[in-house]
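Peer 1: One structure follows; several queries about it will come next.
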Amino acid sequence: MKHIKYNIKHKKQIVKFMALILLLAVSVPLMTGCGGSKNGSGEKVVLNVYNWGDYIDETVNDLFEEKYGIKVNYETFATNEDMYTKIKSGAGKYDIAIPSDYMIKRMIDENLLNKINLDNIPNYKYIEDRFKNLAYDPNNEYSVPYMWGTVGILYNKTMVNEPVDSWKILWDEKYAKQILMLDSQRESIGVALQMLGYSMNSDNPEELEAAQNALIEQKHLVLAYVGDEIKDKMIGEEAALAVVWSGDAIYCKRENPNLDYAIPKEGSNLWFDAIVIPKTAEHQAEAEKYIDFLCDPEIAFKNADYIGYSSPNSGAKEMLDPSLLSDKTAYPDDEDIKNCEIFQYNEKLIKIYDEIWTRITAE
Amino acid sequence: MKIRWISTPYIVWMIMFTVVPLLLVFFFSITVQTDEGITFTLENFKKLSEPIYLKVLWRSIYLAFVSTVICLLLGYPMAMILAGTDVKRKNVLIFLFVAPMWMNFLLRTYAWLTLLEKNGLINTVLSLFGIKPLNLLYNNLAVLLGMVYNFLPFMVLPIYSVLSKVDKSVIEAAQDLGANNFKVFTKVTFPLSLPGVASGITMVFMPAVTTFVVPRLLGGAQFTLIGNLIERQFVLVGDWNFGSAISIVMMILILISMGIMSRYETEHVGGGFFG
């Protein structure tokens, strides 16, 4: 969900398709000849990296191989939950994964992650202090920030003639059937909670019920609850307002200059994707080398420039194009995000969220 | 002896990929995971009987039923046309009818998005005639359209295969005995085609009642159907027990409907599951 590419619109589908082919290609020799010796003398170590689709400048992996002689086997996932299921079930043995904040907390809680020795990551010094000691990993033991961003409202300036600064605009009858919400229980319920002035991490039953009722009340105004198509829909001017991740907003704004992005004053979701080492990792030392490599300002710049998301790396930011750096969609001021919250994983809420969502969508 | 040896891989396959998974789903459906371990319970089924889930179940069955009826009404004449034309034209018609199925199901559904959306093909054409854009996408009708479009071949082909085997002399005999075309159809052709109709209905109803892609893409995820509910329990919520319970109920419903349908199929050679 949180990744983009500038030139090819449907890269994502292509990437998924390629991933499938790759999987097949990988599994065939696995099934036929299980003889391939791992780590045999003189053989290269293979580092298994699991990341969001299209969430890296892939030349980076080649550079890593060149520098350290470690081959990178790169695989991609589409949602945090896909990644979690695969790692938890043991279906994939990865040395590196890049999940989001709440998922990192969940994986720490379920003992699915190895600790990272920061002494082996000298480039960690480039990570800005404000991205350290965050709630999902308070002592920086398990994760190193990779990208960050916000959730906000993407709107079409030709269809919306008033300032957009509040979630309340998504409940305005004027925009009936012109509003796109995310097909994500977490994000949509979070939006409703914040619109009502509550914390998006609320577990108070009354507040959750109020959010549920707000979403039911809003339903007749909503054109659709969509996932990745939201970008194409907004670029194609199918709707006036949409809830999006900031990285998608940057992409959409480049494709269609009529679009603009706002972080509502009630606050929104401040999210982070960070690099972790799953318990199943077989190459801890090499994985730490890889993390250090990703934190190298040159490399972090390459990735930030290619992906377009906001980098937490101070060294990389210095190299970025000033026009991107001054774009508040990508690098908002502290003032803009002062009300933003980070999602906290709460196991008990998952079922409640799904029940709320079923009630909303059963009407 | 030889035949039994040949069947071994199939039996192993079926045990591994049908029997064992079915037992697992059943096991999950009657248990819950608590801090003390796994306990047996009917809680999952009780949860499913809450009004909100019954509503979801009802909507799924209703939509699947309507799309099956539409498929039958559209498909039967099509099957008759196919069965009635001469061999040369028949092959071309069947080719044209089946060719879209060679394309991926998702792609075909995505194509409808492009046709139906606000700035899509249909609305663009309409606007040439000064008609204001219609809301074609993201409603129940769009979901129905998607189901009918995708599942229609499953209705036509079985009916066609039965109709094309009907002995022409039977129909001629009816005509000789003075039956008009309508009578021939109601008294001879239709009853003879019932096995095809029955398997057509099952083949459309089953995928329609469990689909989750069509309501998500064409319905804009505004209406949870039973397929969406099951998917979410496994992928998002991680409540495999509840997800399994829904699946079991779904399977029982399908089994019952197949049982009813097979009454018609048993008269046909080859029979149904209960034949």
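The values are calculated or read from the model by the stated rules, or taken from the named source; none is laboratory data. As the structure is a computational prediction, the values presented were derived from the model and not from experiment. No Cβ is skipped: glycine too gets one built from the backbone with ideal geometry, and neighbour counts run over all protein chains shown. In case anyone asks, the SASA skips ligands and DNA or RNA and just uses the protein heavy atoms, side chains included. Shrake-Rupley method; radii C 1.70, N 1.55, O 1.52, S 1.80 Å.
Peer 1: Chains A and B: how much accessible area gets covered up at their contact, both sides added, probe 1.4 Å, in Å² to the nearest hundred?
Peer 2: 2500
Peer 1: Now a separate question. Counting only other chains, what is the mean number of Cβ atoms within 10 angstrom of the Cβ of each residue in peptide B:110-120?
Peer 2: Working: counts 3, 0, 0, 4, 2, 0, 0, 7, 8, 4, 2.
Mean inter-chain Cβ contacts per residue within 10 Å come to 3.
Peer 1: Taking each residue of A:352-362 in turn, how many C-beta atoms of other protein chains fall within 10 Å of its C-beta, and what is the average?
Peer 2: Details: counts 1, 3, 9, 5, 0, 7, 9, 3, 2, 11, 13.
Average per residue, whole number: 6.
Peer 1: Which residues of the stretch A:213-262 bury at least 40 Å² of accessible area once all protein chains are present, versus their chain alone (1.4 Å probe)?
Peer 2: A:223, A:225, A:229, A:233, A:238
Peer 1: For chain A, calculate the relative contact order in percent as a whole number, restricting contacts to Cα pairs under 8 Å that are 6 or more residues apart.
Peer 2: Normalised by residue count, the contact order of chain A is 26 percent.
Peer 1: For the protein assembly as shown, build the charge dipole from Cβ charges (+1 Lys, Arg; -1 Asp, Glu) around the Cα centre, then report which of A:200, B:115, B:238 sits farthest towards its positive end.
Peer 2: Highest projection toward the positive end goes to B:115.
Peer 1: Highest mean first, what order results for B:184-192, A:103-111 on Cβ atoms within 10 Å?
Peer 2: Order by mean packing, descending: A:103-111, B:184-192.
Peer 1: Rounded to the nearest 20 Debye, what is the dipole magnitude of the stretch A:132-270 about its Cα centre when Lys and Arg each give +1 and Asp and Glu each give -1 at the C-beta?
Peer 2: Computed about the Cα centre, the dipole is about 380 debye.
Peer 1: Hey, another quick one. Nearest 10 degrees, 0 to 90: what angle lies between the long axis of helix A:11-32 and the longest principal axis of chain A (Cα atoms)?
Peer 2: 30
Peer 1: Hey, which aspartates and glutamates would be in cross-link range of residue A:93, C-alpha to C-alpha under 18 Å, not counting anything within fewer than 8 residues on its own chain?
Peer 2: Candidates past the 8-residue exclusion: A:75, A:81, A:82, A:110, A:282, A:286, A:288.
Peer 1: Going by average Cβ density within 10 Å per residue, which order do the peptides B:76-83, B:95-102 take, highest to lowest?
Peer 2: Working: B:76-83: 18.4, B:95-102: 11.1.
My ranking of the peptides, most packed first, is B:76-83, B:95-102.
Peer 1: Okay, next question. Apply the Karplus parameterisation 6.51 cos²θ - 1.76 cosθ + 1.60, with θ equal to phi minus 60°, to every residue of the stretch A:350-363 and state each ³J(HN,Hα) to the nearest whole Hz, in sequence, with x for glycine and proline.
Peer 2: Values, residue by residue: 4, 5, 5, 4, 5, 5, 4, 5, 5, 4, 5, 8, 8, 5 Hz.
Peer 1: For the protein assembly as shown, report the accessible area per residue in Å² (1.4 Å probe, heavy atoms, rounded to an integer).
Peer 2: So the protein assembly as shown comes to 49 Å² accessible per residue, rounded to a whole number.
Peer 1: Treating only the Cβ of Lys, Arg, Asp and Glu as charged (+1, +1, -1, -1), what charge dipole size does chain A show about its Cα centre? Round to the nearest 20 debye.
Peer 2: That gives a dipole near 740 debye.
Peer 1: Using a simple charge model, +1 on the beta-carbon of Lys and Arg, -1 on the beta-carbon of Asp and Glu, nothing else, what dipole does the protein assembly as shown show about its Cα centre, in debye to the nearest 20? Present the calculation step by step, with values, prior to reporting the outcome.
Peer 2: Numbers: 58 positive and 72 negative charges, 603 e Å.
Its charge dipole is roughly 2900 debye.
Peer 1: To test your reading of the geometry: what angle, between 0 and 90 degrees and rounded to tens, separates the Cα axis of helix A:284-295 from the longest principal axis of chain A?
Peer 2: For helix A:284-295, the angle is close to 50 degrees.
Peer 1: Let me ask something additional. Please sort through the DSSP H helices of chain B and keep those with an alpha-carbon extent of at least 27 Å along the long axis and a Kyte-Doolittle average not below 0.5.
Peer 2: B:51-84, B:140-163, B:190-210, B:240-265
Peer 1: Provide a whole-number value for the mean count of partner chain Cβ atoms within 10 Å of the Cβ atoms in peptide B:217-226. Working shown, then result.
Peer 2: Working: counts 4, 1, 3, 10, 11, 11, 3, 8, 2, 0.
Per-residue shielding by partner chains comes out at 5.
Peer 1: Can you tell me the equivalent ellipsoid semi-axes for the stretch B:45-265? Use √(5λ) from the Cα gyration tensor, largest first, whole Å.
Peer 2: 35, 26, 14
Peer 1: For chain B, what's the relative contact order in percent, using C-alpha pairs closer than 8 Å and at least 6 residues apart?
Peer 2: It comes to 25 percent, rounded to a whole number.
Peer 1: Still on this structure: Provide the percentage of antiparallel DSSP beta bridges, counting only those with both residues in the protein assembly as shown; round to the nearest 5.
Peer 2: Taking every DSSP beta bridge within the protein assembly as shown, about 60 percent pair in antiparallel fashion.
Peer 1: Within the protein assembly as shown, what whole-number % of the accessible surface is contributed by carbon and sulfur, with the 1.4 Å probe and all protein chains included in the calculation?
Peer 2: Details: 19370 of 30970 Å².
Carbon plus sulfur share of accessible area: 63 percent.
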